Amino acid sequence: MQPVWVALIAAGGAAVGWFVNHWLAVRREEGRRRLEAQLKFVERQIEELYGPLAAALYEGRRTFRDLLESLGRNYVFPPNGELPEDELRTWLFWAESEFLPRNEYVKTLLKTKAHLIYGGEFPESYVKFLDHCNSWAVNHRRWKEQQVTYSWHSKINWPEDFEVQAIETFQTLKRHHADLIGALMANPSFQRTTSGGC
């Protein structure tokens, strides 16, 4: 009779061991899937929104410095707001060739990729950028099409906090991306699935 009990206890122990191993494997797999889903979303945020946004902002910084160099000072509009005719031509060239098109590009990114914006809300600095962009674009277009004079720039100043926040978010997402890759590579089940295909 004793060997039957020993066999039953061994079978019960094996069954419990199998269930525990299966439960742990399922949990590991769920964790891996969650990390992979987070990684894919962060990659989309970087690739489709924050990478292009940061590049456009860095490019805009350099372009603005080049404009200031060509004007020979560290500001565009003097306190009275009036530019001499030659400087106005320079400003309008930069505005129409660089600043207004870049603003439209960034505005399109924000409008078409709003679902990728980091955090739970549309940041206030992004709204300020849109206000800046729209104010300038519509007044410039009225001047071009209807000869309605305006101040040659947006009624709303360039929102420095937009630029800072967008670039900081890009850097945060890059760090988060690296952390997620590290977490996935530390997961043995992930390493098996990736190395098996190589």
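The values are calculated or read from the model by the stated rules, or taken from the named source; none is laboratory data. Computed from a predicted structure; not experimentally measured. Glycine also receives a Cβ, built like all others from the backbone with ideal geometry; neighbour counts cover every protein chain displayed. Keep in mind that these areas ignore ligands, DNA and RNA; they rest on the heavy atoms of the full protein, side chains included. Shrake-Rupley method; radii C 1.70, N 1.55, O 1.52, S 1.80 Å.
Hey, how many Å between the Cα centroid of region 61-98 and the Cα centroid of region 133-187?
The two parts, judged by their Cα centres, are 20 Å apart.
Can you tell me the length gained on complete extension of the stretch residue 174 to residue 75, counting 0.36 nm per residue apart and subtracting the Cα distance?
My answer for the length gained is 32.3 nm.
So how many Å³ per residue does the convex hull of the Cα atoms of region 85-144 work out to?
Hull volume over Cα atoms, normalised by residue count, gives 87 Å³.
Contour minus end-to-end for residue 68 and residue 105, with contour as 0.36 nm per residue of separation and end-to-end as the Cα-Cα distance?
11.1 nm
Using a 1.4 angstrom probe with every protein chain in place, what is the largest-first accessible-area order of 107, 40, 113?
Ranked from most to least accessible, the order is 40, 113, 107.
For a quick protection proxy, order the peptides 147-154, 46-53 by their average other-Cβ count within 10 Å, most packed first.
Ranked from most to least packed, the peptides come out as 46-53, 147-154.
Express the accessible area of region 100-157 per residue in Å², computed with a 1.4 Å probe while the remaining protein chains stay in the model.
With all protein chains present, region 100-157 gives 61 Å² per residue.
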